[in-house]
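*Asks:* Sharing a structure here in structure tokens format.
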Number of protein chains: 4
Amino acid sequence: MTKTKAGRPRSEKAKQAVLNSTYELLTESGGKKLTIEAIAQKAGVGKPTIYRWWPSLADIVLEAVLNQADVKIPVPPYESLNTTLRQFLRSSMKSINEGDGSNLRYLMSLAQQDESFRDRFRENFVAKRQEILKSILRQAVDANDISSTQDLDMLVDLIFGSMWYRLLIGHGTMDEVFADKLTDIVIKLGNSDEVC
Amino acid sequence: MTKTKAGRPRSEKAKQAVLNSTYELLTESGGKKLTIEAIAQKAGVGKPTIYRWWPSLADIVLEAVLNQADVKIPVPPYESLNTTLRQFLRSSMKSINEGDGSNLRYLMSLAQQDESFRDRFRENFVAKRQEILKSILRQAVDANDISSTQDLDMLVDLIFGSMWYRLLIGHGTMDEVFADKLTDIVIKLGNSDEVC
Amino acid sequence: MTKTKAGRPRSEKAKQAVLNSTYELLTESGGKKLTIEAIAQKAGVGKPTIYRWWPSLADIVLEAVLNQADVKIPVPPYESLNTTLRQFLRSSMKSINEGDGSNLRYLMSLAQQDESFRDRFRENFVAKRQEILKSILRQAVDANDISSTQDLDMLVDLIFGSMWYRLLIGHGTMDEVFADKLTDIVIKLGNSDEVC
Amino acid sequence: MTKTKAGRPRSEKAKQAVLNSTYELLTESGGKKLTIEAIAQKAGVGKPTIYRWWPSLADIVLEAVLNQADVKIPVPPYESLNTTLRQFLRSSMKSINEGDGSNLRYLMSLAQQDESFRDRFRENFVAKRQEILKSILRQAVDANDISSTQDLDMLVDLIFGSMWYRLLIGHGTMDEVFADKLTDIVIKLGNSDEVC
DNA sequence: AGCTAAGCGAGACGGTACGTCCAGTCTTGCA
DNA sequence: TGCAAGACTGGACGTACCGTCTCGCTTAGCT
């Protein structure tokens with residue numbers, strides 16, 4: 001029995017206005033002008049409405065980014081480790097270079113300032129990306145492109161770790177060359193058991 | 001002709017008071033209570049004194065951390081890749097677990113909020129750590145523990161990247177097991193050319 | 001033909017709940033916690049219901065106070081100016097000291113903030129009290145206790161004016177002594193024409 | 001030995017800007033647009049500067065009114081009760097009619113909302129006016145225009161009480177006629193002892 | 001030895017954003 | 001169609017820090 005709650009229901013319009021305004025302010029300024037006050041003003045929404053629905057600025061940003069990015073990185077159907085991973089990493093790099101990078105850096109920054117948001121960021125964002133990459137690697141194991149003794153989580157840490165590292169520090173490029181190097185390294189590691 | 005400037009010279013006492021207070025506030029609260037106001041109060045120093053000598057809060061934190069951590073991670077004399085790298089990574093993990101991790105996370109967060117500080121953070125902090133690791137790897141190449149065709153920068157990115165990734169996201173442990181896995185992977189990759 | 005209106009009729013229960021809650025909140029806090037929100041919550045009533053029936057918070061308060069105080073100050077049957085006025089003023093003082101004073105002060109405060117409520121306050125509240133006092137004075141004129149040339153409105157202003165003044169400023173007591181002094185003054189003034 | 005306090009001294013400019021802006025906003029709107037936010041904006045002053053120096057909006061208003069009104073009601077040198085009091089009350093009425101009335105009403109309203117401000121209002125404002133009137137009456141006693149047995153405080157309450165009453169309720173005019181009536185009443189009461 | 005100019009602490013300044021409270025309005029479903 | 005519930009826009013609240021400023025007081029080096 002679905003009990004409908006009394007009272008005026010949440011305004012979907014207000015919700016979308018907040019998320020869109022947040023996303024725009026974020027991409028405009030890289031986070032410098034992103035304040036609750038500014039979001040409220042731009043969205044034409046009262047501040048209490050924002051505080052009613054999100055526990056912190058960070059959570060608005062996370063939802064706004066998810067709201068936009070839902071379908072941006074398509075998981076390609078598995079062909080071979082060489083092909084599929086390379087393509088996945090190349091398109092990841094591309095998306096980062098095209099502006100998502102700044103959002104990611106901002107989210108990571110927020111995650112360091114709020115313990116509880118860090119948890120939500122991990123669960124709702126990072127974990128999902130890890131799962132996508134891991135599923136590619138699992139298919140590679142099934143296809144015998146990676147030895148079944150490999151620690152896939154470790155591979156994921158190596159790949160995403162070095163990508164985040166370059167993104168956050170800014171000492172190296174996020175281009176196809178980097179994607180290819182990473183792919184080659186995974187291929188090497190995937191086969192290393194048979195050899196040594 | 002070195003003209004000594006007239007007037008009262010910079011107070012070394014004030015400088016140290018600021019750096020120490022900053023470090024204490026940082027480790028106490030993980031950054032939450034770290035404001036210029038709080039530093040000035042705790043150090044018994046006027047705010048203008050702080051602004052005279054540091055361009056931003058981030059730079060104070062960076063100097064405070066460097067001030068404390070200068071000698072914490074000793075570079076061991078090279079024996080073998082297996083021994084020396086393992087030793088280095090294990091002691092890195094230990095230092096991170098013992099409290100430095102929180103400071104690193106805070107610095108990285110600040111680096112995302114200020115473009116120009118990010119540069120200084122890279123040059124004065126990250127680059128130095130990279131150089132230490134790279135010098136170990138270079139010695140490994142000299143000792144034929146790593147093939148001379150390897151891209152050492154890439155190895156550094158893999159190692160430090162995955163470490164930062166775990167530190168920032170908090171999805172995996174920073175312990176000896178992780179240090180050993182990383183060491184093993186570097187050894188595998190170092191030899192992979194000869195084999196495949 | 002009296003057409004009964006369609007739809008649900010006004011809930012008398014809701015009305016009383018609002019007035020009672022208002023009165024309680026008012027006497028509890030002297031007006032500090034008296035907000036429409038608080039009234040609605042305490043009365044278990046929706047805010048729109050309140051706005052439908054009263055033009056402002058002030059009007060609710062006025063009605064709530066009238067609702068409670070209707071019969072508090074009985075007009076005694078006229079005996080003599082000395083007896084009846086003294087009695088009336090003494091019981092007025094008593095009621096003010098027993099808690100009504102705070103309500104009166106709050107109403108007067110509200111009346112200064114809203115021009116149109118000030119009119120309603122004057123018509124529905126103050127004027128009625130003035131009329132009661134004036135009717136006593138009129139009976140005194142009839143009984144020759146006051147000279148018929150006296151300006152009764154002026155006497156009312158003197159009496160109620162000095163009472164409100166003490167109540168609002170708080171520089172003097174509202175006790176029997178004050179009531180008696182006022183009575184004596186009225187008696188003196190009432191006869192002054194014959195004499196001087 | 002006068003010890004000068006350390007730190008930047010209070011800005012007299014900011015103080016005057018606040019008081020002037022407050023006075024203007026008050027006379028413009030009768031208190032409706034008078035918010036700390038608006039004062040800060042109009043005065044070109046930060047809100048914290050206001051909160052540093054005044055405990056509440058009411059206290060700003062009080063000081064602003066005092067700041068403006070310091071010399072508005074001159075105490076005339078005593079001639080006779082008939083002349084001096086009449087003149088004093090007439091000029092009081094005039095000042096009230098010319099705009100001060102609204103400020104007084106607003107101050108009285110604020111005094112009902114804040115117990116501690118009510119005390120300050122009484123001490124710093126009302127008491128001073130009472131003292132002025134009482135000094136006139138005292139001179140009248142010295143000149144034998146008022147019997148020495150009269151309770152002067154009571155007379156003050158009657159005069160100022162009825163004036164405030166008319167001002168706050170708005171049921172009667174504040175004109176020369178009223179001033180004259182009050183004067184006459186005081187004269188009558190002043191002599192009443194000899195007679196009755 | 002005294003002068004002088006910069007550094008020092010203290011703390012007020014104009015601001016910005018915070019997170020909260022309440023106002024007054026709107027939109028539901030139930031009675 | 002009135003009601004309770006409760007979400008809505010909006011505005012002011014009082015607070016925390018920001019980065020700048022103006023004080024009077026050190027204090028070290030140069031004359």
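*Asks:* Across region B:28-67, what is the total count of residues that are outside any helix (DSSP H, G or I) and within 10 Å of DNA strand E (Cβ to nearest atom)?
*Replies:* Residues that pass the stated criteria total 3.
*Asks:* Checking D:Ser80 against (1) small (Gly, Ala, Ser); (2) away from DNA strand E (no atom under 13 Å from the Cβ); (3) within 28 Å of D:Arg8 (Cβ to Cβ); (4) surrounded by fewer than 19 Cβ atoms within 10 Å (Cβ to Cβ): exactly one of these is not met. Which one?
*Replies:* Among (1) small (Gly, Ala, Ser); (2) away from DNA strand E (no atom under 13 Å from the Cβ); (3) within 28 Å of D:Arg8 (Cβ to Cβ); (4) surrounded by fewer than 19 Cβ atoms within 10 Å (Cβ to Cβ), the lone unmet condition for D:Ser80 is (3).
*Asks:* Of all residues in region C:164-188, which are more than 7 Å from chain D (Cβ to nearest Cβ) and either open to solvent by 30 Å² or more (accessible area, probe 1.4 Å) or of a type in the set (A, V, I, L, M) (or both)?
*Replies:* Matches in region C:164-188: C:Leu167, C:Thr173, C:Met174, C:Asp175, C:Glu176, C:Val177, C:Ala179, C:Asp180, C:Leu182, C:Asp184, C:Val186, C:Ile187.
*Asks:* If you don't mind, another one. If we scan region C:79-86, do we find a residue that is more than 25 Å from C:Lys33 (Cβ to Cβ), out of contact with any Gly (no Cβ under 6 Å at 6 or more places or on another chain) and assigned to a loop (DSSP other than H, G, I, E, B)? Write out each step before concluding.
*Replies:* At the first step, the residues of region C:79-86 found to be more than 25 Å from C:Lys33 (Cβ to Cβ) are C:79-86.
Those still in the list that are out of contact with any Gly (no Cβ under 6 Å at 6 or more places or on another chain) too: C:79-86.
Subset that is assigned to a loop (DSSP other than H, G, I, E, B): C:79-80.
Yes, the conditions are met somewhere in region C:79-86.
*Asks:* Which of (1) over 14 Å from C:Asn103 (Cβ atoms); (2) among the hydroxyl-bearing types (Ser, Thr, Tyr); (3) within 19 Å of the chain's Cα centre (by Cα) is the odd one out, the single condition C:Thr27 does not satisfy?
*Replies:* (1)
*Asks:* Please find, within region B:1-14, the residue that is modelled with the highest pLDDT out of those that are assigned to a helix (DSSP H, G or I) and either surrounded by fewer than 16 Cβ atoms within 10 Å (Cβ to Cβ) or more than 7 Å from DNA strand E (Cβ to nearest atom) (or both). It would help to see each step written out before you state the result.
*Replies:* Going through region B:1-14, the residues assigned to a helix (DSSP H, G or I) turn out to be B:12-14.
Keeping just the survivors that are either surrounded by fewer than 16 Cβ atoms within 10 Å (Cβ to Cβ) or more than 7 Å from DNA strand E (Cβ to nearest atom) (or both) gives B:12-13.
On the way: B:Glu12: 87, B:Lys13: 90.
Only one residue tops the list, namely B:Lys13.
*Asks:* Next question. With more than 8 Å from chain A (Cβ to nearest Cβ) and either closer than 15 Å to A:Leu168 by Cα or of a type outside the set (Phe, Trp, Tyr) (or both) as the only criterion, which of B:Leu158, B:Leu133 stands out?
*Replies:* After ruling out the rest, the residue left standing is B:Leu133.
*Asks:* Across region B:64-123, what is the number of residues that are within 14 Å of chain A (Cβ to nearest Cβ) and among the hydroxyl-bearing types (Ser, Thr, Tyr)?
*Replies:* Residues meeting the conditions: 4.
*Asks:* Taking the residues in region A:98-123 that are polar (S, T, N, Q) and surrounded by 13 or more Cβ atoms within 10 Å (Cβ to Cβ) as candidates, determine which candidate is farthest from A:Ile185 (Cα to Cα).
*Replies:* A:Gln113
Yes or no, residue by residue, for (1) away from DNA strand F (no atom under 16 Å from the Cβ); (2) free of Cβ contacts under 8 Å to residues at least 60 places away in the same chain; (3) exposed (fewer than 14 other Cβ atoms within 10 Å of the Cβ):
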| residue | (1), (2), (3) |
| --- | --- |
| C:Gln41 | no, yes, yes |
| C:Gly44 | no, yes, yes |
| C:Thr49 | no, yes, no |
| C:Trp54 | no, yes, no |
| C:Leu57 | no, yes, no |
| C:Leu62 | yes, no, no |
| C:Gln68 | yes, yes, no |
| C:Pro74 | yes, yes, yes |
| C:Arg86 | yes, no, no |
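*Asks:* Does region A:2-21 include one or more residues that are farther than 25 Å from A:Ser109 by Cβ and away from DNA strand F (no atom under 13 Å from the Cβ)?
*Replies:* yes
*Asks:* Go through (1) open to solvent by less than 50 Å² (accessible area, probe 1.4 Å); (2) within 16 Å of DNA strand E (Cβ to nearest atom) for B:Ser95 and report which single condition fails.
*Replies:* Every listed condition holds for B:Ser95 apart from (2).
The values are calculated or read from the model by the stated rules, or taken from the named source; none is laboratory data. Just so we're clear, the structure is a prediction, and the values are computed from it rather than from any experiment. Neighbour counts are summed over all protein chains in view; Cβ atoms, including those assigned to glycine, are modelled from backbone coordinates with ideal geometry. Ligands, DNA and RNA are stripped out before the accessible areas are found, and what is left, the full protein with its side chains, is counted by its heavy atoms. Shrake-Rupley method; radii C 1.70, N 1.55, O 1.52, S 1.80 Å.
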